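The values are calculated or read from the model by the stated rules, or taken from the named source; none is laboratory data. None of these values were measured; they are calculated from a predicted model. A quick note on method: Cβ atoms are made from the backbone with ideal geometry, for glycine too, and the neighbour counts reach across all protein chains shown. We work out accessible area using only protein heavy atoms, side chains counted, and drop any ligands, DNA or RNA first. Shrake-Rupley method; radii C 1.70, N 1.55, O 1.52, S 1.80 Å.
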Amino acid sequence: MKRPWIWILICLNLGIAVVLVFVYPHLMVSPGPVVAGHAEIASDCFACHAPFRGASSDRCVACHAVSGIGLRTTKGQTLPPKAAKAAFHQNLSEQNCMACHSDHASPKLTQRHRKTFSHAMLRTAVQDQCQSCHRSPADKLHKGPILFS
């Protein structure tokens, strides 16, 4: 070891980088800005994420009451009727927010990891109640009588 000061300098820099990741995570490791609805907590990464474990649904439901998702804001204000279509959240078999939602608007790389909504996530009793969320199709195929062979 001819130059121990180089190793000391490298270790010091690594230590500073690790400290900065925990002190300013929104600047050091964030994949991008959060959606507008979470602007209040944009710099508080640990409101949603646990160190070394990532985001979890438990942290979502700490602010978003499952009974009010799609019906009321986190502050208890009633959402307009148009937005109430999202009230199907109460019919999910389990609360896995990350299965559909990502609160970071970018980079687009994170969108690949998002799963599309699966109707299998709904409780069995409501899986065949399509009209509770969807309008009836207006095409010729769906207007005719249902024929079973």
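How many residues, within the stretch 135-149, are open to solvent by 100 Å² or more (accessible area, probe 1.4 Å) and either part of a loop (DSSP other than H, G, I, E, B) or at pLDDT 80 or above (or both)?
Selection size over the stretch 135-149: 6.
Might you check whether a residue that is modelled with pLDDT under 75, in a helix (DSSP H, G or I) and either of a type in the set (Ser, Thr, Tyr) or crowded, with 16+ Cβ neighbours inside 10 Å (or both) occurs anywhere in the stretch 55-71? Scanning the stretch 55-71 turns up no residue that is modelled with pLDDT under 75, in a helix (DSSP H, G or I) and either of a type in the set (Ser, Thr, Tyr) or crowded, with 16+ Cβ neighbours inside 10 Å (or both). Check the stretch 26-34 and report whether any residue there is β-branched (Val, Ile, Thr) and farther than 21 Å from CYS100 by Cβ. Yes, that holds for at least one residue. Restricting attention to the stretch 114-123, does a residue exist that is within 14 Å of the chain's Cα centre (by Cα) and at pLDDT 75 or above? Yes, the stretch 114-123 has at least one match. Pairs linking a residue in the stretch 24-52 that is assigned to a helix (DSSP H, G or I) to a residue that is among the aromatic types (Phe, Trp, Tyr) and open to solvent by 60 Å² or more (accessible area, probe 1.4 Å), with Cβ atoms under 9 Å and 6 or more positions apart or on different chains, are PRO25/PHE46; MET28/PHE22. For ALA84, are the conditions met, namely being assigned to a helix (DSSP H, G or I), open to solvent by 60 Å² or more (accessible area, probe 1.4 Å) and either of a type in the set (A, V, I, L, M, F, W, C) or modelled with pLDDT of 80 or more (or both)? Judged against the criteria, ALA84 is not a match. Could you list, in sequence order, the residues of the stretch 1-40 that are within 27 Å of GLY70 (Cα to Cα), open to solvent by 60 Å² or more (accessible area, probe 1.4 Å) and of a type in the set (A, V, I, L, M, F, W, C)? Matches in the stretch 1-40: ALA36, ALA39.
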